[in-house]
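Below is one structure, written out as structure tokens, with a few remarks after it.
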Amino acid sequence: MSVEAVLVASGARAPVGTTAESVAAAVRAGISRVRRLQVPELGRRADSFIARDGLLDAQEWSGVARMASLGAAALEEVLAKLAPALPPGSVEVPVLVGLPEERPGWRAADASRVVASLSALGGERLRLQVEPRLTGHASALEGLREAVTRVSRAPLVIVGGVDSYHDVQTLAWLRERNQWLEEGTRTGFAPSEGAAFVAVMTAPHARRWGLAPHAMVRAAATARETKRIHTDDLNLGEGLTAAVGEALAPLEGTREIVTSVHSDLNGERYRSEEWGFVALRQGAAFRDASAIHTPVSSCGEVGAATGALNLVLCAQSWQRRYASGPRALLWGSSEAGLRAAALLEEPLSGSGGGAKPWPK
């Protein structure tokens, strides 16, 4: 990768926290907001597992409205962290936001409401150009890949993801497909909601703005999987293998290994098997390909926000010095077939200017 892209600010909102720092601390501590409860709006039934943002209206069952609120909160945190470093004048900032794939309760036209909520945060100094991507779980990592190419022309690009399954139509649809973790479902997940954003710049721009890098992007890649979930096709992880292989390319011919993996594994058998095939093919690149970090146990399934939230959690682990090593692979798998992966590195690991406590 010719451009040295770095993450310099992050924001997050999830059931376990209202900032990037609080969400990361809660996930690390194993705090969970996943609960068993009934959803009367869907009729009387045994308790189902679910996670909700407790600061939003509990009577609000419009996923679109909840996404607009969650996204604005997370993006506002990033803008507040950038504000002291802004140069004089006006800066046009692309905001690449990942959103859910179309489903009951969420249509392409609904994205305009989320875009309007995010665009309203821009002012005279930061003119936000919000670009929605309705590509689901892998959308934020797909956005990161594009951001790396754009920061050579623009001083700043913001990448994020927003989702909420808390819509009556969406929950009914999940139940029909046996994806909702409840009595009688073996491999479902706990529907949840959340939002996360990261600011991406080149390392020279970050130095000029006086911003300390939180993580360095060494590679980002995408691919397509034709043998999708909820079909009779046998998925052998070919699409994800291609994306991960491209992301790991910078490590070829070196003794460097990946020390942590951040994923969107959520309890669905399809996803676990998919990663299993990737680990069999690419296992030599990892210290332990079975040691997977996922926010699901703490936050529930946050859908299109997962990739961006993993970016935040990964960067926070290096900022707070509790990471297991200097390199991390992040990957995401969307239901419609998009696969995305990114190789991140702790900023000081390749320089002589800081301590390197990691095992060789």
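The values are calculated or read from the model by the stated rules, or taken from the named source; none is laboratory data. From a predicted model like this one, the values you see are computed outputs, not experimental measurements. All Cβ positions, glycine included, derive from the backbone under ideal geometry; neighbour counts span all protein chains shown. Remember, those area values only see protein heavy atoms, side chains included, never the ligands or the DNA or RNA. Shrake-Rupley method; radii C 1.70, N 1.55, O 1.52, S 1.80 Å.
Observations, loosely collected:
- For the stretch 1-142, the equivalent ellipsoid derived from the alpha-carbon gyration tensor has semi-axes of 30, 19, 15 Å in decreasing order.
- Most to least packed among 183-191, 143-151 [average Cβ atoms within 10 Å]: 143-151, 183-191
- Global geometry of the stretch 51-114, whether rounded, prolate or oblate, following the gyration tensor of its Cα atoms and the 1.5 cut on a/c: oblate
- Centre separation in Å (Cα based) which lies between the stretch 253-268 and the stretch 90-163: 25 Å
- 13 Å beta-carbon shell around Ser22, net charge (K/R +1, D/E -1): +1
- Of the solvent-accessible surface of the chain, computed with a 1.4 Å probe over protein heavy atoms with every protein chain present, carbon and sulfur atoms account for 50 percent.
- The loop-placed GluC sites (Glu not before Pro) in the stretch 1-75, going by DSSP, that have at most 15 neighbouring Cβ atoms within 10 Å of their Cβ come out as Glu60.
- The stretch 195-338, dipole about Cα centre (Lys/Arg Cβ +1, Asp/Glu Cβ -1), debye to the nearest 20: 800 debye
- Among Gln59, Pro84, Leu70 the positive-end extreme of the charge dipole of the stretch 13-140 (Cβ point charges): Gln59
- A full extension of the chain between Arg45 and Ala80 corresponds to an added length of 8.2 nm, given 0.36 nm per residue minus the alpha carbon distance.
- Global geometry of the chain, whether rounded, prolate or oblate, following the gyration tensor of its Cα atoms and the 1.5 cut on a/c: oblate
- Distance in nm between pseudo-label sites at Arg224 and Ala212 (7 Å out along the Cβ direction from Cα): 4.4 nm
- Student exercise, the stretch 48-203 dipole from Lys, Arg, Asp, Glu Cβ charges, in Debye to nearest 20: 400 debye
- Of Ile229, Met201, Gly337, farthest towards positive along the dipole that unit charges on Lys, Arg, Asp, Glu beta carbons give the chain: Met201
- Arg125-Val168 FRET efficiency (beta carbon distance; Förster radius 56 Å; 0.05 resolution): 0.90
- Of the DSSP H helices in the chain, those whose Cα atoms cover at least 27 Å axially and whose Kyte score averages -1.0 or more: 63-82
- Taking the charge dipole of the stretch 111-194 about its Cα centre, with +1 at Lys and Arg Cβ atoms and -1 at Asp and Glu Cβ atoms, the residue from Ser119, Ala138, Ser152 reaching farthest to the positive side is Ser152.
- Difference of contour (0.36 nm per residue) and Cα-Cα distance, Asp57 to Arg36: 5.7 nm
- A straight chain from Arg153 to Thr231 at 0.36 nm per residue would run longer than the Cα-Cα distance by 23.9 nm.
- Cα gyration tensor category, rounded, prolate or oblate, for the stretch 194-328 with a/c compared to 1.5: prolate
- Calculated [θ] (222 nm, deg cm²/dmol) that DSSP helices of n ≥ 4 give over the chain, each run adding -39,500 (n - 2.57): -9000 deg cm²/dmol
- Simple Cβ-charge dipole of the chain, Lys/Arg +1 and Asp/Glu -1, about Cα centre, in debye nearest 20: 840 debye
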